[in-house]
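Participant: Can you read through this structure? Questions will come right after.
Nothing in this text is a laboratory measurement; each read-out follows from the coordinates by a stated rule. Everything numeric here is computed off the predicted structure, so don't read it as measured data. Cβ sites come from the backbone with ideal geometry, for glycine too, and all protein chains shown count toward neighbours.
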Amino acid sequence: MPDISIIVPVLNEEKSIGLFLDTVHPILGDMAFDYEIIFVDDGSTDATSAVIHAAHESDPSVKLVRLSRNFGKEAALTAGLDFSSGEAVIPMDVDLQDPPELIVEFVRLWRDGFDVVFGQRVARHSDTGSKRISAGLFYRLFNHVAAHPIDENAGDYRLMSRKVVNDILKLRERNRFMKGLFSWVGYKSAAVPYERPARAAGETKFSYWKLWNFALDGITSFSTVPLRIWTYIGGAVALGAMFYTAIILARTLIFGRDVPGYASLMVVILTLGAVQLISLGIIGEYLGRLYVEVKQRPIYLVGATTGLEPENAQEQHVASQMNTAETVSLKNVVAGRS
Ligand code: UDP
Ligand code: MG
């Protein structure tokens with residue numbers, strides 16, 4: 001069993017993998033422990049898997065889980081955690097935006113007794129202004145409504161002890177906002193500050209539309225405030241309506257009937273219609289996620305593996321869902337099938 005598992009989700013990264021391995025190998029090699037580098041190919045359509053396969057031929061510490069299609073980075077990370085066997089696990093991006101030098105410090109703090117050591121971005125020079133602003137707004141909102149705040153400057157780059165990883169793997173929800181799950185489990189953690197460099201090669205895989213949906217996933221997964229808030233908005237609107245009714249009633253009684261009223265009627269109808277549609281939309285956001293959740297589909301499907309036992313992930317997945325007696329019989333089924 002290796003001491004450290006590095007998990008690298010990759011989507012169409014044929015250009016980045018060589019550079020990544022050339023940078024990471026010397027650093028890990030100097031540290032005198034066993035390690036494995038598990039690439040999770042998240043449905044690449046380029047030569048990503050072939051490049052990783054070739055790397056495995058000359059170096060068995062490089063391993064590959066190929067998902068059957070693109071499941072998204074959060075699912076790919078989960079697959080990597082499922083297949084990892086190290087005493088400590090470090091998820092990393094392949095584009096070298098997570099500086100590998102930090103691993104030395106991560107490991108030192110882990111040996112000092114921290115269960116989680118995360119990289120803390122001190123500067124986001126590599127991000128565009130609009131990305132910095134939208135990210136800032138998202139974290140302000142998230143930390144306002146979520147019960148468990150997340151560090152605005154922490155990404156997925158971190159070291160987690162086996163204990164923490166096993167706890168995270170117990171959370172099998174389909175809408176996976178990994179940053180939120182990482183923070184939800186708690187444990188004693190330390191931060192290592194670093195400056196986030198620009199991408200070494202290739203292009204970002206996250207468009208603004210993807211990031212917007214990611215933000216919705218994050219907030220709906222960790223807060224029900226957007227649902228509950230409508231009780232209060234409804235109450236406030238009802239209170240306003242009561243006052244307005246009283247004013248109209250008094251005016252009619254004092255000044256008599258007043259026919260013109262097109263403008264005020266339109267305003268009330270449109271405002272109330274908009275408020276109702278927004279609240280329905282928010283209910284829809286939650287209902288849609290609930291629908292995905294009740295179907296209980298697997299978080300990802302494995303197409304093939306290189307250097308790893310295919311059963312690993314299944315067993316952990318099964319074990320986390322069933323009680324012990326059922327797990328034993330299901331394990332046999334899985335073993336019999338493979
Ligand atoms: N990635 C992935 N699946 C996806 C999108 C991204 O596995 O659907 C991987 C990608 O290959 C990279 C990491 O996630 O290793 C981070 O992606 P990227 O650098 O594009 O994100 P950014 O740094 O721009 O936020
Ligand atoms: Mg990147």
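Participant: Taking the mean number of other Cβ atoms within 10 Å as a proxy for protection, how do you rank 227-234, 179-186 from highest to lowest?
Facilitator: 179-186, 227-234
Participant: Between the alpha-carbon centers of the range 254-297 and the range 85-106, tell me the distance in whole angstrom.
Facilitator: So the separation of the two Cα centres works out to 47 Å.
Participant: Give me the angle, in degrees from 0 to 90, between the Cα long axis of helix 262-294 and the longest principal axis of the Cα atoms of the chain, rounded to the nearest 10.
Facilitator: Here the helix axis deviates by roughly 30 degrees.
Participant: Now for a separate question. Which residue, chosen from Ala246, Trp110, Pro197, occupies the Cα position most advanced towards the positive end of the dipole of the chain, where the dipole is computed from +1 (Lys, Arg) and -1 (Asp, Glu) charges on Cβ about the Cα centre?
Facilitator: Result: Ala246, furthest along the dipole toward the positive end.
Participant: How much length is gained if the chain between Thr245 and Trp209 is pulled fully straight, taking 0.36 nm per residue apart and subtracting their Cα-Cα distance, in nm to one decimal? Display every interim value, and only then the final one.
Facilitator: Working: separation 36, 0.36 × 36 = 12.96 nm, distance 4.28 nm.
Length gained between Thr245 and Trp209: 8.7 nm.
Participant: Please report, largest first and rounded to whole Å, the three semi-axes of the ellipsoid equivalent to the chain, where each semi-axis is the square root of five times an eigenvalue of the C-alpha gyration tensor.
Facilitator: Whole-Å semi-axes of the equivalent ellipsoid: 48, 23, 19.
Participant: Now for a different question. Using every Cα-Cα pair within the range 54-191, state what percent have a distance larger than 22 Å.
Facilitator: 44
Participant: Under the rule of at least 5 residues apart or a separate chain, name every residue whose amide H is placed under 5 Å from the amide H of Ala190.
Facilitator: Val116, Val117, Phe118
Participant: Using Cα springs under 10 Å in a Gaussian network model of the chain, which residue among Ala215, Ala54, Ala274 shows the largest mean-square fluctuation?
Facilitator: Of Ala215, Ala54, Ala274, the most mobile in the Gaussian network model is Ala274.
Participant: Please go through the range 150-239 and write out the GluC sites (Glu not before Pro) that DSSP classes as loop and that have at most 15 other C-beta atoms within 10 Å.
Facilitator: On the way: sites: Glu152, Glu173, Glu195, Glu203; in loops: Glu152, Glu173, Glu203.
Those that pass, being in a loop and sparsely packed, are Glu152, Glu173, Glu203.
Participant: Loop only per DSSP, at most 14 neighbouring Cβ atoms within 10 Å: give me the trypsin sites (Lys or Arg not before Pro) in the range 1-92, ordered by residue number.
Facilitator: Numbers: sites: Lys15, Lys63, Arg66, Arg69, Lys73; in loops: Arg69.
Those that pass, being in a loop and sparsely packed, are Arg69.
Participant: So what's the back-of-envelope 222 nm ellipticity for the chain, counting only DSSP H runs of four-plus at -39500 (n - 2.57) apiece and dividing by all residues, rounded to 500? Before the final figure, lay out each step's value.
Facilitator: Details: 12 runs with 184 residues, N = 338.
Helix-only estimate at 222 nm: -18000 deg cm²/dmol.
Participant: Of Lys131/Lys295; Lys15/Lys295; Lys73/Lys163; Lys63/Lys295, which ones are farther than 29 Å apart at the Cα? Each step should come with its number before you reach the end.
Facilitator: Working: Lys131/Lys295 34 Å; Lys15/Lys295 37 Å; Lys73/Lys163 22 Å; Lys63/Lys295 31 Å.
In this structure, Lys131/Lys295; Lys15/Lys295; Lys63/Lys295 exceed 29 Å between Cα atoms.
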